[in-house]
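Structure first, commentary second.
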Amino acid sequence: MSILPQQSLKLLPFQLGLWLDRPRHAPCPVDSELGDGDAFGPFEVLHVPGHSPGHLAFWWGERRFLIAGDGIATWPGLCAGWKAFNLNHAQHKVSLGRLAALDAAVVGVGHGDPITMGAADSVHELAETFH
């Protein structure tokens, strides 16, 4: 692992923290577990590992609204999550393909502004170019 940022210099503080193994996050208590295909309100739960082993996304099919979490970011620019923070790139590539297949009209992301224009094309491009 390198201390040098792998994308934008704006990510340097995050990369430095990762390199120093800081901060350590204490696990939060879980009220109830959600799994792939479960319903959560109007959302379908999608297990999309890669960013982390248990990473989830949420799909509201009726509205074509996807909450991708940290699997997709728009800050500091549109990307398939921050490379240094995706733990399993092979799984993440598969998960991006699954998210792209939804053809979302709007995508909420973990870091940055939502994608409200050309969302389906943006996610398809990310899935096709991710390596």
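Answer yes if at least one residue in segment 38-57 is in a strand (DSSP E or B), at pLDDT 90 or above and under 15 Å from residue 119 (Cβ atoms), and no otherwise. Don't jump to the end; show me each part of the working.
Restricting attention to segment 38-57, the residues satisfying the condition of being in a strand (DSSP E or B) are 39-40, 43-47, 56-57.
So of that shortlist, the ones also at pLDDT 90 or above come out as 39-40, 43-47, 56-57.
Next, only the ones that are under 15 Å from residue 119 (Cβ atoms) stay: 57.
Yes: segment 38-57 contains one or more residues that are in a strand (DSSP E or B), at pLDDT 90 or above and under 15 Å from residue 119 (Cβ atoms).
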Matching residues in segment 58-98 - criterion: being over 21 Å from residue 17 (Cβ atoms) and either of a type in the set (Phe, Trp, Tyr) or in contact (Cβ under 8 Å) with a residue 60 or more places away in the chain (or both): 58, 59, 60, 65
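Within segment 114-131, how many residues are β-branched (Val, Ile, Thr) and assigned to a loop (DSSP other than H, G, I, E, B)? Spell out how you get there, then give the answer.
Taking segment 114-131 and keeping what is β-branched (Val, Ile, Thr), we get 115-116, 123, 129.
Within this subset, residues satisfying the condition of being assigned to a loop (DSSP other than H, G, I, E, B) are 116.
Number of matching residues: 1.
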Check whether at least one residue in segment 62-77 is touching a strand residue (DSSP E or B) at 6+ places or on another chain (Cβ under 6 Å) and either more than 18 Å from residue 124 (Cα to Cα) or among the aromatic types (Phe, Trp, Tyr) (or both), and report yes or no. yes
List, please: which pairs have Cβ atoms under 6 Å, are six or more places apart or on different chains, and start with a residue in segment 101-119 that is touching a residue at least 24 places away in the same chain (Cβ under 8 Å) and within 15 Å of residue 79 (Cβ to Cβ) and end with one that is in a loop (DSSP other than H, G, I, E, B) and not β-branched (Val, Ile, Thr)? 111/75; 112/75; 119/104; 119/105
Residue count for segment 80-113, restricted to those that are surrounded by 16 or more Cβ atoms within 10 Å (Cβ to Cβ), in a loop (DSSP other than H, G, I, E, B) and in contact with a strand residue (DSSP E or B) (Cβ under 7 Å, 6 or more places away or on another chain): 5
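Considering segment 101-126 alone, what residues qualify as being hydrophobic (A, V, I, L, M, F, W, C) and under 12 Å from the mean Cα position of the chain (by Cα)? Break it down stepwise before answering.
First, the residues of segment 101-126 that are hydrophobic (A, V, I, L, M, F, W, C): 101-102, 104-107, 109, 115, 117, 119-120, 123, 126.
107, 109, 123, 126 - these are the residues of segment 101-126 that are hydrophobic (A, V, I, L, M, F, W, C) and under 12 Å from the mean Cα position of the chain (by Cα).
The values are calculated or read from the model by the stated rules, or taken from the named source; none is laboratory data. Here the structure is a predicted model, which means the values were calculated and not measured. When we count neighbours, we look across all protein chains shown, and the Cβ atoms used for this are built from the backbone with ideal geometry, even at glycine.
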